[in-house]
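Here is the structure we will look at.
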Amino acid sequence: QWTAPTYTVTLHANGGTIADGKDVTGYTYGVGATLPTDVTRTGYTFKGWYDNENLTGSPVTAISNTETGNKEYWAKWEINQYTITFDTAGGSTVASITQDYGTAITAPADPTREGYTFIGWDKAIPTTMPAENMTITAKWKVNQYTITFDSNGGSEIAPITQDYGTVIAAPANPTREGYTFIGWDKAIPSTMP
């Protein structure tokens, strides 16, 4: 009677995780083994198993049924790139950021928007690139402005203070004894500038 020899297989995931039940710890001569492909690592793409620590040559997917001896394999990983997109919600354009996972992010300059004050982003800009694409949206507070009327010796006209872009109701014309009002030096805008 003969028994086929069995050999050990050592897998170095290099920071990755082999799915439960998918690890290969040994193989039998005449049977061989298939190396797991269900291997994950946050922010990286699995590129295969290599039979050397320098990850050179071609990836190995299986141990043939004619192989003998203990085997050792190393996982090769390729870092992923992700993109942070900025939705300025009507403000000036802010370029998106695309870079490798885990690299330091330089926050962009704040956007601007006529008649509004930038009050921040809806979520914090990460300090390093996360392992996902994300969109960050600008938050704005509308500014208030005031139109002041100088009646040039006529009856007093109250100033108008209201939000940018809102409709302005023109005041009644001022009066001045002995004079006829002929208009303002500039047109009263229809909406708050």
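The slack in the chain from Tyr164 to Asp51, taken as 0.36 nm per residue of separation less the alpha-carbon distance, amounts to 34.0 nm. A crude spin-label estimate for the pair Gln1 and Thr146, with each label 7 Å from Cα along the Cβ direction, gives 10.3 nm. In a DSSP loop and with at most 16 other Cβ atoms within 10 Å, the chymotrypsin sites (Phe, Trp or Tyr not before Pro) in segment 109-193 are Phe149, Tyr164, Tyr179, Phe181, Trp184. A simple spin-label model places the labels of Thr83 and Thr37 2.8 nm from each other, with each point 7 Å out along Cα-to-Cβ. A convex hull fitted to the Cα coordinates of the chain yields 151 cubic angstrom per residue.
Counting only protein heavy atoms and a probe of 1.4 Å, the accessible surface of segment 1-123 is 45% carbon and sulfur. One chain, two ends: Lys186 and Asn70. Fully extended at 0.36 nm per residue, the span grows by 32.6 nm beyond their Cα-Cα distance. Calculate the length of the line joining the C-alpha centroid of segment 172-193 to that of segment 135-169, in whole Å. Cα centres, segment 172-193 to segment 135-169: 17 Å.
Near the amide H of Lys71, within less than 5 Å, lie the amide hydrogens of Thr8, Val9, Thr10, all on another chain or at least 5 residues away, with H placed in the peptide plane.
Averaged per residue, the chain has 64 square angstrom of accessible surface, using a 1.4 angstrom probe with ligands and nucleic acids left out. Extension gain, Ile157-Ile105: 0.36 nm per intervening residue step, less the Cα-Cα distance, totals 13.4 nm.
The values are calculated or read from the model by the stated rules, or taken from the named source; none is laboratory data. All figures in this text were calculated on a predicted structure; none of them were measured in a lab. Positions of Cβ are generated from backbone atoms using ideal geometry, with glycine treated the same way; all protein chains shown enter the neighbour counts. We work out accessible area using only protein heavy atoms, side chains counted, and drop any ligands, DNA or RNA first. Shrake-Rupley method; radii C 1.70, N 1.55, O 1.52, S 1.80 Å.
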